[in-house]
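These notes concern the structure reproduced below.
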Amino acid sequence: MAEARRAGLPPACFYRAMKRIAFFMLCVGLLSARASYAQHVTAEFQANHLLSHDGGTSWLFHFNVEGLFGRAGTGISAGASFTKAVSTLDSASFDVNRVGVHAGYRNDWVHVEIGSSYFCSGGLRASIGNDYFNKGFKGFSGGIQSSIKIGDVSVSPFFHVAGIDFKKEGGSFYWFYGSPEVPFALSYGSAASYRNSTFIAGGANARIGIVSESGAQLFQTEPVCIFSAFFQRIGIAAGAHELELIPFAAYTFLKADVSGRLTSQNQQYFAFPYMYYAARGGVCVHAAAAGCYCRYTYGRFSASLGFLLGMVPWERGEIETDWKYKKNFMFDGSAASGLESVDVLHLKGLALLSVKASYRIVPLRGGLFVQFAKLFFVPIDFASRSPSHSASVGAASAESILEYLLSAMQVSVVYAL
């Protein structure tokens, strides 16, 4: 526990407290169910095929059940969820499990909800080029969100916190021994709505680092993100036909400074070549997006189509390094330094197309819904107009086309009362 405190990680008692809070919230929901009757209950199961590549696949399974217990729209809401993510990709293989609970209270003008979750993985192996690590981890998340409505105006603030503790034993990066750590990550903001218009603004920041096997800090960054978005809902109804249009626009700003130092003291193994290796730098990115969401409903059938075009109009990144080799029969003891510009995002733009269809099978109040969704994504490099780029796209194999069509696909079943 003392080492966890020195490294800035939540102590073990914090995780035990989060588990007890989650159990208490679940008990509150169950007791509320016995004290009244369920006005609305929804159970949902999702199977998401995220990606197929080079013979590997990644899946995300999610089950959620929630209900509102009370009368005439006033009462206590409670729910629980289980999520499992599995991947056999060469670049990232993992098996992650998450359990979450939430509870709240609502009436005609106010809604308050709190939630927490616990997630863990026995092993996560990820690689980027020659860099890799293989670590198990556990973590927590929790938050509160509320909404106050007066007439046509509503304000909905929110706050969420999370943290991840990676195991220190086993695995390493390619060039040095170390483990990632995320002591905390925060997101906060508020949504304000007037009739059919909604504006969201908020921010996020985190502390992300890499520590040695003994807990010494090697690299650290504290990224800051500011985001905002605007939505406008337009509804059109003609008999049994309903059409909903939601145009939107969003803007995001991200800034992060990185610093770190590897030395022969925090890298105590024979093959480490440096007496020291220091790095300092930062990145700054501006991103914007705009699009429209359209949903059509007729009887039991509904279909939606969403389009988003995002771009990075401005980015900047640079890193300054200096190092000195050890002097022995393997290395000559020389020293050097350098300053290099960093291309933060090779992807300068992205077009997303979302297609979703839903059909209500059981003709009861609520009913059983079967849903299918597919996300198409097209990376855009506005600066590249070379024939080789077009040729590489045209030369795609049948296998790669099939992988593209099967990726980012979702099938879900929803049962509502």
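For region 279-301, the tally of residues that are farther than 30 Å from Q220 by Cβ, of a type outside the set (K, R) and open to solvent by 30 Å² or more (accessible area, probe 1.4 Å) stands at 9.
Looking across region 39-56 at every residue that is crowded, with 17+ Cβ neighbours inside 10 Å and among the polar types (S, T, N, Q), the one that is nearest to F377 (Cα to Cα) is identified as S52. The sole residue among F270, F253 that is in contact with a His (Cβ under 7 Å, 6 or more places away or on another chain) and either without any contact (Cβ under 8 Å) to a residue 40 or more places away in the chain or among the basic types (K, R) (or both) is F253.
Residue-wise test of (1) outside any strand (DSSP E or B); (2) under 26 Å from the mean Cα position of the chain (by Cα); (3) closer than 17 Å to D381 by Cα; (4) at pLDDT below 90.
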site	(1), (2), (3), (4)
G306	no, yes, no, no
E315	no, yes, yes, yes
E320	no, no, no, no
W323	no, no, no, no
V344	yes, yes, yes, yes
P363	yes, no, no, yes
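Take the residues of region 102-129 that are modelled with pLDDT under 95, over 30 Å from F173 (Cβ atoms) and among the charged types (D, E, K, R): which is least open to solvent (accessible area, probe 1.4 Å)? Selected residue: R106. The number of residues in region 90-119 being of a type outside the set (V, I, T) and touching a Leu at 6+ places or on another chain (Cβ under 7 Å) comes to 1. Being closer than 25 Å to R106 by Cβ, at pLDDT 95 or above and more than 22 Å from the chain's Cα centre (by Cα) is a property that holds for A192.
Taking the stated definitions as given, is A206 aliphatic (A, V, I, L, M), open to solvent by less than 70 Å² (accessible area, probe 1.4 Å), farther than 25 Å from S304 by Cβ and touching a Pro at 6+ places or on another chain (Cβ under 7 Å)? Yes.
Pairing residues of region 102-113 that are farther than 19 Å from V65 by Cβ with residues that are open to solvent by 60 Å² or more (accessible area, probe 1.4 Å) and aliphatic (A, V, I, L, M), at Cβ distances under 8 Å and at least 6 apart in sequence or on separate chains, gives W109/I148; W109/I150; V110/I148; V112/I144. Can you tell me which residue within region 71-101, out of those that are at pLDDT below 85 and open to solvent by less than 50 Å² (accessible area, probe 1.4 Å), is farthest from S400 (Cα to Cα)? Only one residue fits best here, namely G73. May I ask you to verify whether S214 is among the hydroxyl-bearing types (S, T, Y) and without any contact (Cβ under 8 Å) to a residue 40 or more places away in the chain? Answer is no for this residue. Taking every residue in region 223-248 that is within 11 Å of R295 (Cβ to Cβ) and outside any strand (DSSP E or B) and pairing it with any residue that is open to solvent by 60 Å² or more (accessible area, probe 1.4 Å) and modelled with pLDDT of 90 or more, at least 6 positions away or on another chain, the pairs with Cβ-Cβ distances below 7 Å are R233/N196. For region 325-342, the candidate set comprises residues that are in a strand (DSSP E or B) and of a type in the set (A, V, I, L, M); within that set, the residue that is farthest from the chain's Cα centre (by Cα) is A335.
When region 135-183 is limited to residues that are of a type in the set (S, T, N, Q) and at pLDDT 80 or above, the one that is most open to solvent (accessible area, probe 1.4 Å) turns out to be Q145.
Scanning region 365-386 for residues that are at pLDDT below 80 and more than 24 Å from L402 (Cα to Cα) gives R365, G366, G367, F382, A383, S384, R385, S386. A residue that is among the hydrophobic types (A, V, I, L, M, F, W, C), out of contact with any Pro (no Cβ under 9 Å at 6 or more places or on another chain), under 30 Å from A278 (Cα atoms) and modelled with pLDDT of 90 or more occurs nowhere in region 402-415. Residues in region 48-88 that are within 25 Å of G115 (Cα to Cα) and within 17 Å of the chain's Cα centre (by Cα): N48, W59, L60, F61, H62, S81, F82, T83, K84, A85, V86. Do we find a residue being part of a strand (DSSP E or B), loosely packed, with under 15 Cβ neighbours inside 10 Å and either at negative phi or at pLDDT below 90 (or both) anywhere in region 265-278? Among the residues of region 265-278, not one is part of a strand (DSSP E or B), loosely packed, with under 15 Cβ neighbours inside 10 Å and either at negative phi or at pLDDT below 90 (or both), which makes the answer no.
The values are calculated or read from the model by the stated rules, or taken from the named source; none is laboratory data. What you see is a predicted model; the values in this text were computed from it and never measured. Don't worry about glycine lacking a Cβ; one is built from the backbone with ideal geometry, like all the others, and counts go over all protein chains shown. Accessible surface is based on the protein model in full, side chains and every heavy atom, while ligands, DNA and RNA are left aside. Shrake-Rupley method; radii C 1.70, N 1.55, O 1.52, S 1.80 Å.
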